[in-house]
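Shown next, in structure tokens, is the structure this report addresses.
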Amino acid sequence: MDFHKQEQEQPVVLITGCSQGGIGHALACAFAAQRCTVVATSRSRSSMGDLDQNPRFFLQELDVQSDESVQCVVNNVVQRYGRIDVLVNNAGVQCVGPLAEIPLSAIQNTFDTNVYGSMRLVQAVVPHMASRKKGKIVNVGSIIAMASGPWSGAYSASKAALHALTDTLRLELSLFGIDVVNVVPGAIKSNIGNSAIATYNRMPEWKLFKPFESAIRERADLSQGPKSTPSDEFAKNTVAAILKTSPPAWFSYGHYSSIMAIMYHLPICVKDFFLRRAMKC
């Protein structure tokens, strides 16, 4: 088999949110290690600079909040490779603060990235996949959606919405031979904690919730504890699941993933008790 034919058969994977230090970057490297052609995207090309010299990567600047940006990148990929085999909606932002006082603009930004950003990519990519009667769409949710607690309600709600949309997409898109996978990370070592704290520092001073400020701030990097799962370990296992001929509808991996799945099934009073203790509420 000649190299050109091999290249034609390698899956073309488009991933959002691939800045160095994040889950998307680790996923991009794990797909490349499996000889995939990886379209790595982020808002800034320089944030993916370490991938630039590797021929397996095609770097693109992409703002998931922009219809024009999304359509431009998808068109570039289809023009260059003729197809998109796998879409991984990974781009996401944290949002920490009490729901009664957090600016609505911050909640809107969270949903525009985590929910509408994913749907922009889905709607742009699906026509190309449907025309070939094959493809995979992977939405990266969060285990926090299984048991939404204090101080991260906007983020939890955005991921719960994405989970629900993914369940619907799985049924609707199966009609066109497209597999849809809900990837649900636990606590994974990444730069999301630093990003969350940077965002939190721009929040207004709390009024009613001023006495809880230290607990709220702690929530920003809760997922980045010493037992958090390394991002490369998470990515390797996740990519192996996605590349299966029949990928799972739901794939969860990482620290806290089992206990949070159990929490989901607990009586509400018990769940509330544990969450109040954990979040100092």
Per the Cα gyration tensor, segment 179-219 corresponds to an equivalent ellipsoid with semi-axes, largest first in Å, of 29, 12, 11
Any residue on another chain or 5+ positions along whose placed amide H is under 5 Å from the amide H of Ala187 is listed here as Thr229, His255, Tyr256, Ser257
Full extension between Lys227 and Ala240 adds, at 0.36 nm per residue less the Cα distance, a length in nm of 2.4 nm
PRE zone check, label point 7 Å out along Cα-to-Cβ of Ala164, amide N under 17 Å, scope segment 101-115, hits 108, 110-115
Rounded to the nearest 10 degrees, the helix 117-132 long axis (Cα) sits at an angle to the longest Cα principal axis of the chain of 30 degrees
Log10 I(q)/I(0) at q = 0.25 Å⁻¹ for segment 225-281, from Debye over equal alpha-carbon scatterers, is -1.01
Rounded to one decimal in nm, the spacing of the 7 Å Cα→Cβ label points at Ser214 and Arg83 is 5.8 nm
Cα-Cα pairs in segment 92-149 separated by more than 13 Å, as a whole percent of all pairs, come to 70 percent
Here segment 68-84 yields Karplus 3J(HN,Hα) values (6.51, -1.76, 1.60; θ = phi - 60°; whole Hz; Gly and Pro given as x) of 5, 5, 4, 5, 5, 5, 4, 4, 4, 5, 5, 5, 7, 10, x, 5, 10
Here the gain from full extension of Cys72 to Lys134, 0.36 nm per residue of separation minus their alpha-carbon distance, amounts to 20.1 nm
Phi-derived 3J(HN,Hα) across segment 155-171 with the Karplus relation (6.51, -1.76, 1.60, θ = phi - 60°), rounded Hz, x for Gly and Pro, is 5, 4, 5, 5, 6, 5, 4, 5, 4, 5, 5, 5, 4, 5, 4, 4, 6
Semi-axes in Å, largest first, for segment 101-192 (Cα gyration tensor, √(5λ)) are 27, 14, 11
1/(1 + (r/R0)^6) with r = Cβ-Cβ of Lys207 and Gln20, R0 = 45 Å, i.e. FRET efficiency to nearest 0.05, evaluates to 0.75
Its Cα gyration tensor gives the chain an equivalent ellipsoid whose semi-axes in whole Å, largest first, are 33, 20, 18
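If eta is 1.306 mPa s and T is 10 °C, what Stokes-Einstein diffusion coefficient results for segment 137-178, Kirkwood Rh from Cα pairs, in µm²/s?
Values: Rh = 11.1 Å.
Reported coefficient: 143 µm²/s.
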Filtering trypsin sites (Lys or Arg not before Pro) in segment 17-120 by DSSP loop and by at most 14 other Cβ atoms within 10 Å leaves Arg35
Rounded to one decimal in nm, the spacing of the 7 Å Cα→Cβ label points at Cys281 and Leu175 is 3.9 nm
With T = 37 °C, eta = 0.692 mPa s and Kirkwood Rh from C-alpha pairs, the Stokes-Einstein D of segment 1-119 in µm²/s is about 216 µm²/s
The set of residues whose placed amide H lies less than 5 Å from the amide H of Val180, leaving out same-chain residues fewer than 5 positions away, is Ile137
If one builds a Gaussian network model of the chain from Cα atoms under 10 Å apart, the most fluctuating residue listed among Trp250, Trp206, Trp151 is Trp206
Toy charge model, Lys and Arg Cβ at +1, Asp and Glu Cβ at -1: segment 1-160 dipole around Cα centroid in debye, rounded to 20, equals 520 debye
Segment 241-270 and segment 178-195 have their Cα centres apart by a whole-number Å value of 12 Å
Rounded to the nearest 0.05, FRET efficiency between Glu61 and Glu9 (Cβ-Cβ, R0 22 Å) equals 0.20
Between Cys18 and residues 5 or more places away or on another chain, the pairs with built amide H atoms under 5 Å apart involve Thr41, Ser42
A correct Kirkwood calculation over the Cα atoms of segment 174-281 returns a hydrodynamic radius in Å of 16.5 Å
Helix-only [θ] at 222 nm, the chain, -39500 (n - 2.57) per DSSP H run of 4+, per residue, nearest 500, equals -14000 deg cm²/dmol
Calc'd 3J(HN,Hα), segment 54-66, phi into Karplus 6.51 cos²θ - 1.76 cosθ + 1.60 (θ = phi - 60°), Hz, glycine/Pro = x, comes to 8, x, 6, 9, 10, 8, 9, 7, 9, 10, 5, 7, 10
Of the convex hull enclosing the alpha-carbon atoms of segment 144-234, the direction-averaged projected area in nm² is 7.7 nm²
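Rule-based calculations on the coordinates, nothing more; no lab input. Just so it is clear, the model here is predicted, and its values are computed rather than measured. Note that each Cβ is placed from the backbone with ideal geometry, even for glycine, and that neighbours are counted across all protein chains shown.
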